[in-house]
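Reading through the structure tokens given below for one structure.
Nothing in this text is a laboratory measurement; each read-out follows from the coordinates by a stated rule. Quick caveat, the model's predicted, so the values are computed rather than measured. A quick note on method: Cβ atoms are made from the backbone with ideal geometry, for glycine too, and the neighbour counts reach across all protein chains shown.
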Amino acid sequence: EGTTDYPELHVLVDRLLWGGYSPRAVREGRRRPTNQTRAAASPWKLASKMDAGRQVSEEDRICRAAVSLFRADYFMVAAGAGFSADSGLPVYQDVARDAVYLKMGVDYQELANERWFSEDPEIAIGFWGHSFNLYKDTEPHAGYAAIRDWIRLMFRKKAFVYTSNVDGHFAKSGFNEEQVYEIHGS
């Protein structure tokens, strides 16, 4: 389905679902998954193997989390400005850190007020035009593709994104628009 190549994800999926054997091998009859193979991946069985005094490896924690995700009925991604910041977009408090706005002594909250359109349209249009161009010209970081691929691989229609971002990066990254809820809108 056009997923990005994340070898570590596919290895993890194989290990968790097929006991280390690829789904292709299972489909071709070279190896059959068993209930024992699937039960061995239980997060509760992994948890029972972990003694209180034993250091839990990062791989064990990742496997437990992944198995919990696989067993989830739904998957929700909640994303805000911090997620877009990794693409190079400023978070709200940084949008107004421009010499002109600093000299005026205004912050983001003040600049976002619609009164600027009547009081000083040049400021309003400059501020919103600059913001719009940043959103339009900035490419989404790889995390968007990773989440999109997890959704396609594991959840299909049982997942959705709830975001306060207005940059449109989820749409740019190929998310199903019916699964993206933008609380501010784009």
Report summary line: Once phi for every residue in segment 125-137 is put through the Karplus expression 6.51 cos²θ - 1.76 cosθ + 1.60 (θ = phi - 60°), the whole-Hz ³J(HN,Hα) values, with Gly and Pro written as x, are 5, x, 5, 6, x, 4, 4, 4, 5, 4, 4, 6, 8
Report summary line: The base-10 log of I(q)/I(0) that the Debye equation returns for segment 61-107 at q = 0.22, 0.28, 0.33 Å⁻¹, one scatterer per C-alpha, is -0.83, -0.94, -1.06
Query raised in the report: Given H placed on each backbone N at 1.01 Å, which residues far from Val180 in sequence or on other chains put an amide H within less than 5 Å of it?
Result: Val161
Report summary line: Zone reached by a paramagnetic label modelled 7 Å from Glu119 Cα along Cα→Cβ, restricted to segment 97-111 with backbone N below 16 Å, covers 101-111
Requested in this report: List the residues whose amide H sits under 5 Å from the amide H of Phe75, counting only those 5 or more places along or on another chain, with H placed 1.01 Å from N in the peptide plane.
Outcome: Ala159, Phe160
Query raised in the report: Can you give the charge dipole size of segment 88-186 about its Cα centre, rounded to the nearest 20 debye, using +1 on the beta carbon of Lys and Arg and -1 on the beta carbon of Asp and Glu?
Result: 680
Query raised in the report: What's the extension gain from Thr138 to Gln55 if we count 0.36 nm per residue and subtract their Cα-Cα distance?
Result: 25.7 nm
